[in-house]
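*Asks:* Quick one: the structure is below, questions incoming.
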């Protein structure tokens, strides 16, 4: 399944763009498939590029698939690499059929069946890639591009298993935007949405590549910080707090809004349920709020 993660992952809008791009590739393939069948059935001359040894590189789908952008764009879709081999072998079988047709030799049912079976397998593989991408959208918050709570528990479970194997520390942080209701009440919800998107963007720029951001609800976010002891997590979060305070959100209208946030951080511990750690970080967040907001509080400190 495509993993939508922080800065190196993809936002919901990025996933839609990838999905639309895949549709383009599928349309290219269907156009070629139609042309190949027309050549076989209607006894039309085959195109030279379809008869080439490397025909899979010259068809419109091949040009799309092997474009340098595809490797990065679909890097996290595990099923994407497999369709390259299927596509190449499908073209090899098609080339054999077209060569026989051009030489006016008979085409056996078994040869045709092999081509069709490979074509069907290729089409199913394309659909599997589509499914992986669509499924990933179910765990992404469409407004901010952060993970949503459905994706959160799976990700935290993976991190807990990693902790068991490696004994590396991990911290969870609850973050809440201060007085966010006043933003919605004063400027309206569309502006509030702008602020949320800008906040996640800034968080992604400050946090590390392997940290994960989840929209926990409303203006509240959870940050998972793998391989991070508590004192280091506190330092990173303090840097994030200052950046939020010092970086006004520039609205489409040209207005600027200064946003601050409160943070509560707690360590994940071996043998302690994830929900209990979430509650500890939430208690630390309540401490930050009751102490004046715009600060980082550490559980148990």
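*Asks:* Checking the condition out of contact with any strand residue (DSSP E or B) (no Cβ under 9 Å at 6 or more places or on another chain) and either surrounded by 15 or more Cβ atoms within 10 Å (Cβ to Cβ) or at negative phi (or both), which residue from 126, 143 passes?
*Replies:* Among 126, 143, only 126 is out of contact with any strand residue (DSSP E or B) (no Cβ under 9 Å at 6 or more places or on another chain) and either surrounded by 15 or more Cβ atoms within 10 Å (Cβ to Cβ) or at negative phi (or both).
*Asks:* Test residue 105 against the stated conditions and say whether it is surrounded by fewer than 15 Cβ atoms within 10 Å (Cβ to Cβ), assigned by TED's automatic domain parsing to the domain that holds residue 51 and within 27 Å of the chain's Cα centre (by Cα).
*Replies:* The answer is no for residue 105.
*Asks:* Separate question: Report, by residue number, each residue of region 290-300 that is out of contact with any helix residue (DSSP H, G or I) (no Cβ under 7 Å at 6 or more places or on another chain) and under 15 Å from residue 244 (Cβ atoms).
*Replies:* Within region 290-300, just 293 meets the criteria.
*Asks:* If you take the residues of region 256-279 that are outside any strand (DSSP E or B) and in contact (Cβ under 8 Å) with a residue 60 or more places away in the chain, which of them is surrounded by the most Cβ atoms within 10 Å (Cβ to Cβ)?
*Replies:* 268
*Asks:* Out of 86, 57, 30, which single residue is free of Cβ contacts under 8 Å to residues at least 40 places away in the same chain, out of contact with any helix residue (DSSP H, G or I) (no Cβ under 7 Å at 6 or more places or on another chain) and under 16 Å from residue 126 (Cβ atoms)?
*Replies:* Of 86, 57, 30, the one residue that is free of Cβ contacts under 8 Å to residues at least 40 places away in the same chain, out of contact with any helix residue (DSSP H, G or I) (no Cβ under 7 Å at 6 or more places or on another chain) and under 16 Å from residue 126 (Cβ atoms) is 30.
The values are calculated or read from the model by the stated rules, or taken from the named source; none is laboratory data. Keep in mind that this is a model prediction, so the values were computed, not measured. Here Cβ is always computed from backbone atoms with ideal geometry, including for glycine, and neighbour counts include all displayed protein chains.
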